[in-house]
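Please treat every number below as a calculation from the coordinates, not as lab data. From a predicted model like this one, the values you see are computed outputs, not experimental measurements. Cβ atoms come from the backbone with ideal geometry, glycine included; neighbour counts cover every protein chain shown.
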Amino acid sequence: MSTTVRRSQPAVAPKLLRHMNQKLILEVLSETGAMTKPLLAATVGLSQPTVNAACDELLEAGLLVDAGRGQQTTGRPAQKVAANVRAGAVVGVDIGRQWVRTAVSDLVGTTLSVHESRNRTRSAKALVELIVQSVAVAGARVDLGDTTQFVLGSPGVYDEHADRVLLADQLPGWHRPKLPAMLREALGENLLIENDVNLAALGELDSGAAQGAGTFGYLHIGTGLGFAAVVDGKLVRGAHGSAGEIGYLPYGRRADGTVVKLEEKLSAPGLTAVAERKGLDATAPDAVLQAAISGQGAGAEIRDELVEQVATLITMISAMYDPELIVIGGGIGQELGPLASTVVDRVTKTSPFRPRCEIAALRGGAPLRGAVVHGLERARDLAFSSRIPL
């Protein structure tokens, strides 16, 4: 007679289970706002005694706050609890060649403070010092303690494996091998470095033109050219973080055989170059763009060339990526509204693709908003683990 031995699943340690329940409750309250304990128990699918005990510990740790009593027609109203949104903070920094913009938010992404600093630095060391000063000013009215998550949006690519920022030629010295270490020494270890175009995409997804989109692209046309791909709400970075560096795509050759990069043509400097080539009096990018939109004189030729370049790029993106939406932003891109329908018409006439294109809603504020959004989950984890250690 044989005996069958059934292998049971490993039991979850009570302390770990309690820890998981507490974190679940905190996440739900962070997303939904204040709830009565009975409603919270029904929402998370835990027993009322379990929720009561978890809430008591979270209240004691300062991660929850008493939010008063719920409304009831009979009996004593139930206690409401809410996440303590000031138990930690996110500091987002958008680093540009002209400006350094800093925002401080609470743990649900509400902006508490914003500061802008003119960037006149000429070295990595000076720029790090400017970032620290900007953070100090923005955080003067907020308690930036050990539970603060920093997110820096930077031009170029942050290679996490090499711990180095690459392809950021517009920021002097920003490619230095020890730059991330300098930033951590100045701001602390709770630091994320992310490409600014990627962050702009997250900003538009959170509260801009891409709200509700699952798979979309963000096309940045400004002083440089870049692209961010988002699939199921997540950034696509590639093996080395360089996914979307479309400015390096070849766009023909010069007479001497050297490669012309797409960014040299489709960018603010590219507009200036074409204006000079066609003999326009005003060659500043804004003036050239307005001439193209008006379509008067040489502006019509510039318009046609610009539409052709953008349409070709969107066709390439559609073929490789098939997004449901392409958001166009950046200093040049955000002004292309009057030409958007012409661009889409060109794409549909020359390809089988039917892209939906929208102009960025957050304009220059998208990278900074994206930096805050990008840091929220880590900031919440940091606040939780620092007060409820496993």
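List of remarks:
- Helix 196-207 axis, angle to the chain major axis (alpha carbon atoms, nearest 10°): 60
- Relative contact order (%) - the chain, alpha-carbon pairs under 8 angstrom, separation at least six: 17
- For P(r) over Cα pairs in 20 Å bins from 0, in percent, calculated from these coordinates, the label among (i) 24, 47, 23, 5, 0; (ii) 30, 57, 13, 0; (iii) 23, 32, 27, 17, 1: (i)
- Measuring between their Cα centroids, region 242-273 and region 11-61 lie 54 Å from each other.
- If you plug the beta carbon distance of ASP146 and GLU301 into 1/(1 + (r/R0)^6) with R0 = 56 Å, you get a FRET efficiency near 0.45.
- The modelled label-to-label distance for the pair ARG76/ARG363, using points 7 Å beyond Cα in the direction of Cβ, is 5.4 nm.
- Dipole check for region 210-361: with +1 at the C-beta of Lys and Arg, -1 at the C-beta of Asp and Glu, and the Cα centre as origin, the magnitude is about 280 Debye.
- Given R0 = 30 Å, the distance between the Cβ atoms of GLU160 and PHE353 translates into a calculated FRET efficiency of 0.35.
- Available extension along the chain between ALA67 and ALA255 is 60.6 nm, counting 0.36 nm per residue and deducting the alpha carbon span.
- Partner lysines for LYS37 [C-alpha distance under 23 Å; skip if fewer than 8 residues away on the same chain]: LYS15, LYS23, LYS80
- Taking LEU167, LEU63 and counting other C-beta atoms within 10 Å, the order from fewest to most: LEU167, LEU63
- Top positive-direction residue, dipole computed over the chain with Cβ charges, set VAL28, ALA273, THR121: VAL28
- Footprinting exposure proxy ranking of MET316, MET35, MET20, fewest other C-beta atoms within 10 angstrom first, gives MET20, MET316, MET35.
- Rounded, prolate or oblate (a/c below 1.5 giving rounded, otherwise prolate when a/b exceeds b/c) for region 120-271 by Cα gyration tensor: oblate
- HN-Hα J in Hz across region 291-304 - Karplus 6.51, -1.76, 1.60, θ = phi - 60°, x for Gly and Pro: 5, 5, 5, 5, x, 8, x, 5, x, 5, 5, 5, 4, 4
- Most mobile of THR50, THR272, THR148 in a GNM of the chain (Cα contacts under 10 Å): THR50
- Measuring nothing but how far apart in sequence close Cα pairs (under 8 Å, 6+ apart) lie, relative to its length, region 14-83 scores a relative contact order of 36 percent.
- FRET efficiency for SER47 and ASP381, using Cβ-Cβ distance with R0 set to 25 Å, rounded to 0.05: 0.50
- Evaluated with a Cβ-only charge set (Lys, Arg +1; Asp, Glu -1), the chain carries a dipole of roughly 780 debye about its Cα centre, given to the nearest 20.
- Cα gyration tensor, region 210-361 - rounded (a/c under 1.5), prolate or oblate: prolate
- Cα-based reach from LYS349 at 30 Å (exclusive), listing lysines while leaving out same-chain residues under 8 positions away: LYS261, LYS265, LYS278
- Sequence-separation-based contact order of region 210-361, relative, with Cα cut under 8 Å and 6+ spacing, percent: 24
- The chain: antiparallel DSSP beta bridges as a percent of all, rounded to 5: 65
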